[in-house]
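Coordinate-derived values only; no laboratory data. What you see is a predicted model; the values in this text were computed from it and never measured. Cβ placement follows ideal geometry from the backbone for every residue including glycine, while neighbour counts extend to all protein chains displayed.
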Amino acid sequence: MKDSFFADLVQSVKDHGVLQPILVRPRESTHDSVARYEIVAGHRRLAAAREAGLYRIPALVRTLSDQQALEIQVIENLQRANLHALEEAEGYRQLMHTHKYDVARIAERIGRSSKYIYDRVKLLSLTKNAQKLFLEDRFTAGHAVILARLKPADQDRAIATDTDQDWRGRRGGPLFVEEMSLFSDEEEEAEDEAVKRDPWHGMKPKSVRELQAWVDEHVRFDHTRPDVPDLFPETHVELSRAKEEKEKVVFITHDYVIPNDAKDPGQKVLTVRGWQRADGEEESETCEYSVTGVIVIGLGRGQAFKVCTAKEKCKVHWGAWQKERAKRQKEVTKSGATGEDREAANRESLKKQEEREAAERKARMKAIPEILKEVAEKIRKAPAGATSPIGDLVVSLASRYGGSLSQALPRGKSAEDLVRHLAYNVIQRDATDGWGWDRFTKKARAIGVDVSKILKASAAVQTSAPAKGSAKKSKPRGKRPSKSAGAQ
């Protein structure tokens, strides 16, 4: 049975003919003197022409090697309208492994971004079960990209199945982990017997955003994975700096409790009670005890910044905590309680404090959608000049990842001035960052600056300059008379 895309192609050929010539290459024939040709690109167009009753179609003849012909066939296949994302990923992999293309070259040939190519190739990391569900259109490419970034065991957790157990009365149906990650059961009634036998009937994928939220809460961030520089560039820079300076790195979360499926006995994670932000951003203060913290679970998963964990030493971040602890100890001592009683009282006090904080956090999270709705409305109507409150917000976000902003290209007054100011600082940051030189040259090239040409000119000037000490020595001059001597 012909697919609908092919049927549309046949109808187009009947109406308009073959508009784009097929590509062929000459092949030697050992049997007769008739010219033989091999189709390199255009098999479907030829098949559609035959279906439409045409016997002559336009063709381009090119002399191509086997390598060149195979490359063209792969690229032609990648431009099919009905190509599945997994087939597309395999095509890119073939170009990279067999034809030695890199991601940038593929992106240029296909007309896509490098990130798009990277995400597509990453789909080949999906487990067999995940690939099967994806090919059956059980979820979208957006879901697939998120799943493909996970380890196989975590992918299995996201779409777990168990043929030996019942789930909601459906034998052999999907069995999901607590707080189901990818699918929800809509309990649809099916009349068709084949549909009834489908263990996935009634299962609908949650939104891509909901799946990502599940990953953030239940899959621990691994800062050693090779894709961190691409997916979390700011974090990669921060961790590289910490490693170079031999600075301590701690793992943190904004949560009060870590989900059981995200715990790892070999890696301690500090909950929100054990750290304070200490990079000077988001109204935080810096201190001498700060270390690099990486959020591995929950809100902000994958971010890295300076934190303070020195509860006993730092008065900047833990002064209030130290006073409260001393107050509790004093009250317990005054009451004449034993050491065991004091410890129990401290535990009870901490428990109540945690419960209060958890309740407050829950209330905040519940109100966030309504708050952000009003924020969006206010921003929509607010002035957006360079010196407006909106401009201040944008500048604060830019400086968050790059320290103080240079004034070589001033902020100005208009929104366009602000964009130019921030663009300069983005490029300057990469230029002065030991890890960002490649990004710097690409961004500079995008606005017409030839970095290599300037480097060559600078090197030529240094080469032509006289070597140190080679200049002729001048005659010694007499001492310059002082002002008082001149006055005399």
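List the GluC sites (Glu not before Pro) within region 61-159 that fall in a DSSP loop (any state other than H, G, I, E or B) and whose Cβ has at most 16 other Cβ atoms within 10 Å.
Those satisfying the criteria are Glu136.
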For Ala444, the net charge from surrounding residues (Cβ-Cβ under 10 Å; K, R +1; D, E -1) works out to +2
Would you be so kind as to identify which of Cys308, Val296, Ala242 lies farthest towards the positive end of the dipole of region 229-334, taking Lys and Arg as +1 and Asp and Glu as -1 on Cβ and the Cα centre as origin?
-> Cys308
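Quick one: of Lys323/Lys352; Lys311/Lys351; Lys268/Lys352, which pairs are farther than 22 Å apart, Cα to Cα?
Result: Lys268/Lys352 exceed 22 Å.
Show me the trypsin sites (Lys or Arg not before Pro) within region 200-283 that DSSP assigns to loop and that have at most 15 other Cβ atoms within 10 Å of their Cβ.
Lys246, Lys248, Lys263, Lys268
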Return, for the Cα atoms of region 338-381, the radius of gyration and Dmax in Å, separated by a comma.
-> 18.9, 62
Residue order, fewest to most surrounding Cβ atoms within 10 angstrom, among Ile117, Ile110 | Ile110, Ile117
Kindly work out what percent of the DSSP beta bridges joining two residues of region 229-334 are antiparallel, to the nearest 5.
-> 45 percent
Exceeding the 32 Å Cα-Cα cut-off - candidates Lys122/Lys206; Lys122/Lys373; Lys128/Lys306; Lys313/Lys334; Lys263/Lys362; Lys243/Lys313 = Lys122/Lys373; Lys128/Lys306
Per-residue Cβ contact counts at 10 Å, fewest first, order Phe6, Phe232 as Phe6, Phe232
Low-density loop GluC sites (Glu not before Pro), region 207-309, at most 10 other Cβ within 10 Å, DSSP non-H/G/I/E/B, are Glu245, Glu282, Glu283, Glu288
